[in-house]
Amino acid sequence: LPSSPARVRKGEPIRVPCATPTTRPVSMATLLRRADSLTGRAFLRRLSAAFGWRYVAACILAYGVNQGMGEKFVFGARQYYLLDDIGMTSAEYGRVAGFSHIPWQLKSLFGLLSDTVPLGGMHRAPYMLIAGVLGLFALGMLTALPAATVSAPLAGFLLLLTNVNFAMPDVMIDATVAERAKVRPELGAALQALCWGSLGVAGVPAGVVKGYLIEWYGARLLFGLAIFAA
């Protein structure tokens, strides 16, 4: 006969047997996956597998290095260079700064031009190359020329070219992001995160150090550093 269940006295707690918890060792593969997720390597690998590592690198360079660092250095040095080094008045500074920002108002024209007039059979890369060459020339001149020899029109023209260097790659990368988001809509948000994340990651340190660099070495040093981001 089966044994009768044990009787539980009134008021006595019911004890339920439970398994003894065991600690399982974490494998090296699991540790590597966790490290990838923390450092963003898995995120970059996923985008590289979908669009190619060259395109991912181009987004990081255009948004992070060119705009995040280069734009911070140039815009940070511009005011001190024009007002303190060249000696412009506030009215002259306003006119020169407004003139130098014209390329940002022409972004739609840059996009239309690249869509309708390919260079060498390519729509984006040649225009980005042209913008880089113009930026290198303008920043080299701003770095090398003594401020006493630079007139207001020349300074405005050189700063205009630096903004071409920033605005033209910006519209080219934006166009390619929109094109690829249509092909892989599930990765559209990830592409936007890559671009804007690169801008912040590179821009924050540049924004922190630019003030100290201007105070210690002058505005022309920032133009020289921006050459490496052109």
So which of Gly98, Gly111 ends up being surrounded by fewer than 16 Cβ atoms within 10 Å (Cβ to Cβ) and not acidic (Asp, Glu)?
-> Gly98
Scanning for something open to solvent by 10 Å² or more (accessible area, probe 1.4 Å), part of a helix (DSSP H, G or I) and basic (Lys, Arg), does segment 183-193 turn up at least one residue?
-> no
When you look at Tyr212, is it among the hydroxyl-bearing types (Ser, Thr, Tyr), closer than 26 Å to Trp53 by Cα, modelled with pLDDT of 90 or more and over 16 Å from the mean Cα position of the chain (by Cα), yes or no?
-> no
Looking at segment 51-81, which of its residues are of a type in the set (A, V, I, L, M) and either at pLDDT below 90 or within 20 Å of Ala206 (Cβ to Cβ) (or both)?
-> Ala57, Ala58, Ile60, Leu61, Ala62, Val65, Met69, Val74, Ala77
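Yes/no per residue for (1) open to solvent by less than 80 Å² (accessible area, probe 1.4 Å); (2) assigned to a loop (DSSP other than H, G, I, E, B); (3) of a type in the set (Phe, Trp, Tyr); (4) closer than 16 Å to Gly132 by Cα:
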residue	(1), (2), (3), (4)
Arg46	no, no, no, no
Ala49	no, no, no, no
Ile60	yes, no, no, yes
Gly64	yes, no, no, yes
Val74	yes, no, no, yes
Arg78	yes, no, no, no
Leu83	yes, no, no, no
Met88	yes, yes, no, no
Glu92	yes, no, no, no
Residue set Leu109, Leu159, Leu129; condition within 17 Å of Phe75 (Cβ to Cβ) and either assigned to a helix (DSSP H, G or I) or at pLDDT below 95 (or both); output residue Leu159
Being assigned to a helix (DSSP H, G or I), crowded, with 17+ Cβ neighbours inside 10 Å and either touching a helix residue (DSSP H, G or I) at 6+ places or on another chain (Cβ under 6 Å) or in contact (Cβ under 8 Å) with a residue 24 or more places away in the chain (or both) narrows it down to one of Gly70, Gly140, so name that one.
-> Gly70
Might you check whether a residue that is out of contact with any Gly (no Cβ under 9 Å at 6 or more places or on another chain), open to solvent by 60 Å² or more (accessible area, probe 1.4 Å) and among the aromatic types (Phe, Trp, Tyr) occurs anywhere in segment 115-128?
-> no
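The values are calculated or read from the model by the stated rules, or taken from the named source; none is laboratory data. Since this is a predicted model, take the numbers as computed values, not measurements. Please note: Cβ atoms are built from the backbone with ideal geometry, for glycine as well, and neighbour counts cover all protein chains shown. Surface accessibility is based on the protein's heavy atoms, side chains included, excluding ligands, DNA and RNA. Shrake-Rupley method; radii C 1.70, N 1.55, O 1.52, S 1.80 Å.
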